[in-house]
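Q: My questions will all concern the structure given below.
The values are calculated or read from the model by the stated rules, or taken from the named source; none is laboratory data. From a predicted model like this one, the values you see are computed outputs, not experimental measurements. Cβ sites come from the backbone with ideal geometry, for glycine too, and all protein chains shown count toward neighbours.
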Amino acid sequence: MEPGGGVTPRGVEAARRTEAPWVRTLEAADGVWAVFLQARRRDAHVHVGDVHAPDAEMALVLAKENYARRDPCVSLWVVPARAIRGTASDAADMFEPATDKSYRFGGSYRQQQRVYRGGYSAGPTEDDR
């Protein structure tokens, strides 16, 4: 780490060598910056495009000119495109839940309320007779 909190180029290379096999690095040319825009304070930052710039300061200027002139904007982020990491497309199974957590969903709420109110009968139905 650099004193300002950044990652040294040597640190970036070391991080790339130790990445898990499911990590995908975005292939981008030098000087490509991803732009994220926040329209209102309560909104999340959304990726709106890329700019080509030699440094972060110029990338912010270009992002402001290209993406914040017509649309509302309260905040812009620029990130070197090569620093963005994502999961590989063949790693989709890692997002499957490890156990059944259907109890977290509200689908059984109505059934539970019928049981509490006495409107549910566990006895035989009309079809069973």
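Yes or no, residue by residue, for (1) surrounded by 12 or more Cβ atoms within 10 Å (Cβ to Cβ); (2) out of contact with any strand residue (DSSP E or B) (no Cβ under 7 Å at 6 or more places or on another chain); (3) at pLDDT below 75:
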residue: T8; (1), (2), (3): no, yes, yes
residue: E13; (1), (2), (3): no, yes, yes
residue: D30; (1), (2), (3): no, yes, no
residue: A34; (1), (2), (3): yes, no, no
residue: D71; (1), (2), (3): no, yes, no
residue: A83; (1), (2), (3): yes, yes, no
residue: G86; (1), (2), (3): no, no, no
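Q: Next question, about the same structure. May I ask you to list the residues in the stretch 23-79 that are aliphatic (A, V, I, L, M), touching a residue at least 24 places away in the same chain (Cβ under 8 Å), within 29 Å of M94 (Cα to Cα) and part of a loop (DSSP other than H, G, I, E, B)?
A: Scanning the stretch 23-79 gives L26, A28.
Q: Another question about this same structure. Which one is surrounded by the most Cβ atoms within 10 Å (Cβ to Cβ) among residues in the stretch 50-65 that are farther than 12 Å from P80 by Cα and in contact with a strand residue (DSSP E or B) (Cβ under 8 Å, 6 or more places away or on another chain)?
A: So, considering only residues that are farther than 12 Å from P80 by Cα and in contact with a strand residue (DSSP E or B) (Cβ under 8 Å, 6 or more places away or on another chain), the one surrounded by the most Cβ atoms within 10 Å (Cβ to Cβ) is A63.
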